[in-house]
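The values are calculated or read from the model by the stated rules, or taken from the named source; none is laboratory data. Predicted, not measured: the structure shown is a model, and the values here were computed from it. Neighbour counts run over all protein chains shown; Cβ positions are idealised from the backbone, glycine included. The accessibility values were calculated without ligands, DNA or RNA, using every heavy atom of the protein model including side chains. Shrake-Rupley method; radii C 1.70, N 1.55, O 1.52, S 1.80 Å.
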Amino acid sequence: MKENSVGLVTPKICHVDTPLHTVSGGVIPQYDLVYETYGQLNAAGTNAILICHALSGNHHVAGYYAGDEKPGWWEAYVGPGKPIDTNRFFVVGVNNLGGCHGSTGPTSINPATNKPWGPDFPIMTVKDWVVSQDKLRQHLGIAQWAAVIGGSLGGMQALQWAIDLPDRLRHAVVIAAAPKLSAQNIAFNEVARQAIMSDPDFHNGRYLEHGVTPKRGLALARMLGHLTYLSDDLMGKKFGRELRDKLKYSFDVEFQVESYLRYQGEKFATKQKFDANTYLLMTKALDYFDPAADYDHDLSRAMAHVQAKFMVISFTSDWRFSPERSEEIVRALLDNDKDVSYAEIESQHGHDAFLLPNPFYEGVFNAYLQRIWQEVTADA
Amino acid sequence: MLNRQRLLSPEFKLISSWIEPGSRVLDLGCGDGTLLAHLQESRRCSGYGMELDPNLVIASIENGINVIQANLNKKSLLDYFDEDSFDYVIMTQALQVVDRPDLLLDEMLTIGKQSIVTFPNFGFWKNRIQLMFTGRMPETDVLPYHWYDTPNIHLCTFKDFESLCAEKGIAVVRRAVVNQQHETTLGMKLLPNLLGEIALYQIQRKHPK
């Protein structure tokens, strides 16, 4: 087992009996949320941190499953002595509703039909996720999160938490996010969805009933996604125009970057068995995210009742959710004289930077979590 | 960013004494956040620091202040704040490093009711003597850099600063002239531009907007 890791972990299930009425008008009569926890909840219940995942993430944030070499997706930042220190905090990772890693989603059985939900699973929004995650909070007996933390789509959930349930969190750490998607962001998502839906194996989303999965479409969607997570600079450095062999003047894989993208797509669609309907749902949740829409499209007004203190972090080479987008969030908080700190981290890793080691990012993260910890201990 | 450590405590004490308790404060180039943290603790102030240097941003977070990482040479303060958002906008030992001190002063007095600005006096006698007798750019404890690597690209004397204020319709509410130990001598009072090493100015618009 690796050092500074939470070690072996097992997921748990939180069953929710109350129906969820989604923003999209759907109803999920009852549902399961799969989650993992690391560290110990203190007696006062004041040291709990919720980690929200991004597009393709899940509840397996840190540690290892028995027999699995690969750790959770945020192993670099969650563990004993790491920025989100599991010796101090009780850390909760949850798979969002509509996901494909154990929480109720399109691959689950729809009680009304006894068949997989498939494309009939209600369209999810970030607001719905906050409602469902709040059920998990109650299930765990936590009155108020010390912090809700997330990157990308996860950061959007942290922001929505602060707006929708202001007294249920003391801090929001919003990393590499945006207050809403741009036309370009939505366009990328739409191309990804079209790649999936035009795969002959898609069968209008009922592929499971046909015993197939739209692997090619999903792989294409992932290739496109991956492309937008990296910076031009980094791709140049990593691959340049390097060839696998020599130019063959054919449509085979010739450049290393082609090989890399195909590998990523293939891995996602085949090895990780990501569900195509979940991918569609997640991209839609991104597109619909717009907390200001409930407040006359005025983000400052949306932030007026926020009680959480904010740490907002962006990365210089992230062109998917650029620093300017994070600054929109900061500006709206400043308009309301809210407590907010902002760091723009120098990185060449594009949007992916929020997952990767970086001394300044770690420094900021450490310092802010230290402050949260001081508050927790001051209350004790 | 700057050689601020040695100036730190007495200068900040003097500034603190000028600030009304309970004020909203913005500290530009807030360094490690010491001043704002002090104002929060001792004078019930609230507000933000702005800083460019990554390590100082981390130090500011450690010191418990709200810090916004920003490059004031690339962004306008108005990108972040509305008119009259603060009682005081403070900038210590940083006026001389920005691209356009004159424009920044305008912005500071737009988003703040008053400003407190401190900077090294280039008219200090030691600087004059070095230039006169060695024929070279002064290098002193307060200005420890070479001419080619100094971040202090817009050095000025007290007279220069006050004439800029007059031109811009900025009123000097209060002024303190001190040496490096932050003492004020009789000589400094009589001949500030010659004998004063560091200036602290409290300024505001002559004609409120």
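List of remarks:
- Over the stretch A:1-61, the hull volume per residue, using the convex hull of the C-alpha atoms, is 144 Å³.
- Close Lys pairs in the stretch B:95-209, defined as Cα atoms under 22 Å apart and 8 or more places apart or on different chains, number 10.
- Distance between the C-alpha centres of the stretch A:104-162 and the stretch B:37-98: 37 Å, rounded to the whole angstrom.
- Look at the Cα gyration tensor of the stretch A:116-243: its axes a ≥ b ≥ c give a/c of at least 1.5 with a/b at or below b/c, and that counts as oblate.
- Computed packing ranks the peptides A:312-322, B:145-155, B:95-105, A:30-40 as A:312-322, A:30-40, B:95-105, B:145-155, most packed first, by mean other Cβ atoms within 10 Å.
- GNM remark for chain A: springs join alpha carbons under 10 Å apart, and the peak mean-square fluctuation among A:ILE149, A:ILE109, A:ILE329 falls on A:ILE109.
- Carbon/sulfur fraction of accessible area - the protein assembly as shown, other protein chains in place, 1.4 Å, %: 52
- The mean number of partner chain beta-carbon atoms within 10 angstrom of a residue's beta-carbon across peptide B:52-63 is 5.
- With the cut-off at under 17 Å, measuring from each backbone N in the stretch B:11-36 to a point 7 Å along the Cα-to-Cβ line of B:TYR145 picks out B:29-31.
- Cross-link partners of A:LYS115 among aspartates and glutamates (Cα-Cα below 19 Å; sequence separation of 8 or more within a chain): A:ASP32, A:ASP201, A:GLU209, A:ASP275
- Shape category assigned to the stretch A:227-282 from the gyration tensor of Cα positions, a/c cut at 1.5: oblate
- For the chain pair A and B, the buried solvent-accessible surface (1.4 Å probe, both sides summed) amounts to about 1700 Å².
- Approximating the spin labels as points 7 Å out from Cα along Cα→Cβ, the B:MET137-to-A:ASP290 distance works out to 5.3 nm.
- Efficiency of FRET between A:LEU227 and A:ASP134 - r from beta-carbon atoms, R0 30 angstrom, step 0.05: 0.30
- Placing dummy labels 7 Å off each Cα toward the beta-carbon, the span from A:THR113 to A:ALA378 is 5.4 nm.
- Beta bridge orientation in the protein assembly as shown: antiparallel %, DSSP, nearest 5: 40
- Area of B:LEU78 that stays accessible when all protein chains are in place (1.4 Å probe, Å², to 10): 80
- The chymotrypsin sites (Phe, Trp or Tyr not before Pro) found in the stretch A:200-272 that occupy coil by DSSP, while having at most 13 further C-beta atoms within 10 Å, are A:TYR249, A:PHE251.
- In order through the stretch A:143-153: 3J(HN,Hα) via Karplus (6.51 cos²θ - 1.76 cosθ + 1.60), integer Hz, x for Gly, Pro: 6, 8, 5, 5, 7, 10, 10, x, x, 6, 4
- Centre separation in Å (Cα based) which lies between the stretch B:129-160 and the stretch A:262-298: 57
- Using R0 = 51 Å, the C-beta based FRET efficiency linking A:ALA43 and B:LYS75 works out to 0.65.
- The stretch A:179-273: GluC sites (Glu not before Pro) in DSSP loop, at most 13 other beta carbons within 10 Å: A:GLU242
- Among beta bridges identified by DSSP and lying wholly in chain B, the antiparallel ones come to about 45 percent.
- Per-residue mean of C-beta atoms belonging to partner chains within 10 Å, peptide A:337-349: 4
- Centroid-to-centroid separation of the stretch A:163-200 and the stretch A:57-75 [C-alpha atoms, Å]: 23
- Probe 1.4 Å, accessible area per residue of chain A, Å²: 41
- Accessible-area order (highest first, 1.4 angstrom probe) of the listed residues A:LYS238, B:LYS168: A:LYS238, B:LYS168
- Spacing of the modelled spin labels on A:ILE13 and B:ALA171, each 7 Å from Cα toward Cβ, amounts to 7.4 nm.
- Listed by chain and number, the aspartates and glutamates placed with their C-alpha closer than 19 angstrom to that of A:LYS237 are A:ASP245, A:GLU254, A:GLU258, A:ASP318, A:GLU346, A:ASP352; residues fewer than eight positions away on the same chain are left out.
- Rounded if a/c under 1.5, otherwise prolate or oblate - the stretch A:305-380, Cα gyration tensor axes: oblate
- Rounded to whole Hz, the Karplus (6.51, -1.76, 1.60) HN-Hα couplings of the stretch B:105-112, x for glycine and proline: 4, 4, 5, 4, 7, 8, 7, x
- Extreme residue, positive dipole direction of the protein assembly as shown, given options A:SER5, B:TYR145, A:ALA221 (C-beta unit charges): B:TYR145
- Largest-first principal axis extents, alpha carbons of the stretch B:53-207, Å: 47, 38, 26
- Ranking A:THR46, A:THR278, A:THR18 by solvent-accessible area of protein heavy atoms (1.4 Å probe, all protein chains present), from largest to smallest, gives A:THR18, A:THR46, A:THR278.
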